1. Select, from SER48, SER37, the only residue that is free of Cβ contacts under 8 Å to residues at least 40 places away in the same chain, within 14 Å of VAL86 (Cβ to Cβ) and surrounded by 13 or more Cβ atoms within 10 Å (Cβ to Cβ).
2. Kindly provide the set of residues from segment 70-93 that are basic (Lys, Arg) and touching a residue at least 40 places away in the same chain (Cβ under 8 Å), ordered by number.
Amino acid sequence: MKHWIAVISQAHARIAAESGFLQVCHGKAGPLRKTRSGDEVFIYCPRSEMGGGDVLKTVEFHCVFQNDDVYQVEQFPGFTPHRKDVVFNRHFQPVVLKEVAGLEFTADSHWGMLARRGFFEIGPHDAALLRKAMQGDK
């Protein structure tokens, strides 16, 4: 199992959570094709809205890929993003990222450059810390 961070606005993350899918990097297929059924994703929301809104810097959701199928949908005419089905953990609570002590991927002061990719892998140590924090065990 691999562990991933998806960087998505809170508004878009809520739509995904309500609908049971994950769409990353403006609908690109490549990042989703790197994942496998059972991989887990932590959804980091830097802001409430895409391109603006309130600054959040929170990990809002946790989900697990259901299968290996990457598919396209027509979101609106001319835009057919790639998606993958996920199961969201409804028992996990959002956490402020900087309040999760000991994360390796944020230890570098330039970790924001990593976040600009929109989707990146983290190690099992960081995944365990995030999982624990989102379960309320800080």
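1. Working: SER48 fails: within 14 Å of VAL86 (Cβ to Cβ).
Every option except SER37 fails the conditions.
2. Let us first name the residues in segment 70-93 that are basic (Lys, Arg), namely 83-84, 90.
Listed by number, the residues that qualify are ARG83, LYS84.
Throughout, read-outs are computed from the coordinates displayed, never taken from laboratory work. This one's a predicted model, so the numbers in the text were calculated from it and none came from an experiment. Note that we place each Cβ from the backbone using ideal geometry, even for glycine, and neighbour counts take in every protein chain shown.
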